[in-house]
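One structure is given below, encoded as structure tokens.
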Amino acid sequence: MAPVSVVTGAGSGVGRVVARALLDAGHRVALAGRRADPLAETAAGVEPDRVLVVPTDITVEASVDALFDAVRERWGRVDVLFNNAGTNVAATPLEEFTLDQWSTVIDTNLTGAFLCARAAYRVMRDQDPQGGRIINNGSVSAHTPRPDAVAYNASKHAITGLTKSISLEGRRHRIACGQIDIGNAATPMTERMTAGVRQADGTIAAEPTMDVAHVADAVRYMAALPLEANVQFMTVMATTMPFIGRG
């Protein structure tokens, strides 16, 4: 049977491109995101039996549980979760960063990722055959922070801890967990990079981007591995972006 994948944040950007790549690879894919219309655009032209649109707020436990209940009811299992949904706020210095800004980012990027991973883990643990793969979307900011982005940086560093914890505990249930750290893929979220963003030394500089299709290729490779093998961490980035040496 074709593998079953769940992609969060599937209505735009990296999520949409990865979801289409998994569909092209023969997966049955559940598309999760807050808004139904963008999810329907991602699903356009796909055979109805191979795609499932589930509007989901990943910051709400009941909404996440409903997502995985719907996938299990439709296809009976979950083989892959691409834990992709995320958000950010406008660049803000640490001393001016508000609690509301902090909560907006942490609730989505970290708590939402945890809720989705936990729900997928439970399904993967209990299904027959047992097991599956969780791929968390980190960032180069999981390694080296940008200025004026304290919540995003903290959330992505925390995703690395989440990835390691799932990988450790998942061994006994044939659940593999890896992380893809993406640097400057060309999506609406990174359009500002080409106009110029603040660097670690305080200057403003434009940054190169890469085609988001390269991210989709990488996720598709990770998803295709047998459960006996795992990409624990992968960094895919624009070659000349300021990452090595940043800070």
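Examine segment 171-192 for a residue that is in contact with a Cys (Cβ under 9 Å, 6 or more places away or on another chain) and either of a type in the set (Ser, Thr, Tyr) or under 26 Å from Val29 (Cβ atoms) (or both), and state whether such a residue exists.
Within segment 171-192, not a single residue is in contact with a Cys (Cβ under 9 Å, 6 or more places away or on another chain) and either of a type in the set (Ser, Thr, Tyr) or under 26 Å from Val29 (Cβ atoms) (or both).
If you scan segment 136-148, which residues turn out to be surrounded by fewer than 24 Cβ atoms within 10 Å (Cβ to Cβ) and either at pLDDT 95 or above or out of contact with any helix residue (DSSP H, G or I) (no Cβ under 6 Å at 6 or more places or on another chain) (or both)?
If the condition is that a residue be surrounded by fewer than 24 Cβ atoms within 10 Å (Cβ to Cβ) and either at pLDDT 95 or above or out of contact with any helix residue (DSSP H, G or I) (no Cβ under 6 Å at 6 or more places or on another chain) (or both), then Val140, His143, Thr144, Arg146, Pro147, Asp148 are the ones that fit.
Within segment 91-104, does at least one residue satisfy the condition of being at pLDDT below 95 and surrounded by fewer than 24 Cβ atoms within 10 Å (Cβ to Cβ)?
Yes, segment 91-104 has at least one match.
For segment 2-51, give me the residue count where each residue is of a type outside the set (A, V, I, L, M), in contact (Cβ under 8 Å) with a residue 60 or more places away in the chain, surrounded by 24 or more Cβ atoms within 10 Å (Cβ to Cβ) and not in a strand (DSSP E or B).
Residues flagged as of a type outside the set (A, V, I, L, M), in contact (Cβ under 8 Å) with a residue 60 or more places away in the chain, surrounded by 24 or more Cβ atoms within 10 Å (Cβ to Cβ) and not in a strand (DSSP E or B) within segment 2-51 amount to 2.
Here are some conditions: (1) at pLDDT below 95; (2) surrounded by fewer than 19 Cβ atoms within 10 Å (Cβ to Cβ); (3) under 15 Å from the mean Cα position of the chain (by Cα). His157 meets all but one. Which one does it not meet?
The single condition His157 does not satisfy is (1).
Would a scan of segment 77-85 turn up a residue that is in contact with a Ser or Thr (Cβ under 7 Å, 6 or more places away or on another chain), surrounded by 18 or more Cβ atoms within 10 Å (Cβ to Cβ) and assigned to a helix (DSSP H, G or I)?
No, segment 77-85 contains no residue that is in contact with a Ser or Thr (Cβ under 7 Å, 6 or more places away or on another chain), surrounded by 18 or more Cβ atoms within 10 Å (Cβ to Cβ) and assigned to a helix (DSSP H, G or I).
Among (1) part of a loop (DSSP other than H, G, I, E, B); (2) of a type outside the set (Phe, Trp, Tyr); (3) within 22 Å of the chain's Cα centre (by Cα); (4) surrounded by 12 or more Cβ atoms within 10 Å (Cβ to Cβ), there is one condition Arg220 misses while meeting the rest; what is its number?
Answer for Arg220: the failing condition is (1).
The values are calculated or read from the model by the stated rules, or taken from the named source; none is laboratory data. The shown structure was predicted, so the numbers you read here are calculated from the model rather than taken from an experiment. In this analysis, Cβ positions are derived from the backbone assuming ideal geometry, glycine residues included, and neighbour counts consider all displayed protein chains.
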